[in-house]
């Protein structure tokens, strides 16, 4: 009888501990690797939804503890220029295939190819390994690169990309104006 009295509280305690554990999703399965999207839903430079652009998104963690989540390399390059006095402790980028964040400096990058870039005419994609990058190149074209090469390419492309974006937005505004007058 006494052992039953001891078992009941232990069973309740076990249930209180184990049930929440079974209801809590496994972070690896629940997209814990994409928790940065919840913390930084929109790119601070272009306003794009980072969940929609989860395959190109980036995350910068500065030495002062601040974080910036961007939609792609172009906006990351803009942030790095705007925060020249801050030191980035870590720059992460999404793997094009898995959408998992990885160290941008250790990623295998592809510049170019037939896939439209995000916020840029000349695409720049990151891959966790050479196999993924080479498979992309085989299907879509492009050239292998490292982080220094893609960041330099991003800076080189900013002028043309900004002009293209402004032209597109101007055309969109003009189209909306025309639709309102009709």
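Numbers for the structure displayed
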{"read-out": "Filtered residues of the stretch 104-126 (kept if at pLDDT 95 or above and closer than 11 Å to residue 58 by Cβ)", "value": "104, 107, 124, 126"}
{"read-out": "Matching residues in the stretch 141-154 - criterion: being touching a residue at least 12 places away in the same chain (Cβ under 8 Å) and either part of a strand (DSSP E or B) or within 24 Å of residue 60 (Cα to Cα) (or both)", "value": "143, 144, 145, 146, 147, 149, 150, 151, 153, 154"}
{"read-out": "Matching entry among 138, 99, 121 (being out of contact with any strand residue (DSSP E or B) (no Cβ under 8 Å at 6 or more places or on another chain) and assigned to a helix (DSSP H, G or I))", "value": "138"}
{"read-out": "Verdict on residue 157 being surrounded by 10 or more Cβ atoms within 10 Å (Cβ to Cβ), part of a helix (DSSP H, G or I) and at pLDDT below 90", "value": "no"}
{"read-out": "Helices (runs of 4 or more DSSP H) contained in the stretch 1-94 and holding at least 1 residues at pLDDT below 95", "value": "2-23, 35-39"}
{"read-out": "Residue match in the stretch 169-182 (condition: at pLDDT below 95 and not in a helix (DSSP H, G or I))", "value": "yes"}
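Here's the yes/no breakdown for (1) under 17 Å from the mean Cα position of the chain (by Cα); (2) crowded, with 17+ Cβ neighbours inside 10 Å:
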residue	(1), (2)
80	yes, yes
83	no, no
88	yes, no
91	yes, yes
109	yes, yes
112	no, yes
118	yes, yes
142	no, yes
161	no, yes
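The values are calculated or read from the model by the stated rules, or taken from the named source; none is laboratory data. Here the structure is a predicted model, which means the values were calculated and not measured. Backbone-built Cβ (ideal geometry, glycine too); neighbour counts: all protein chains shown.
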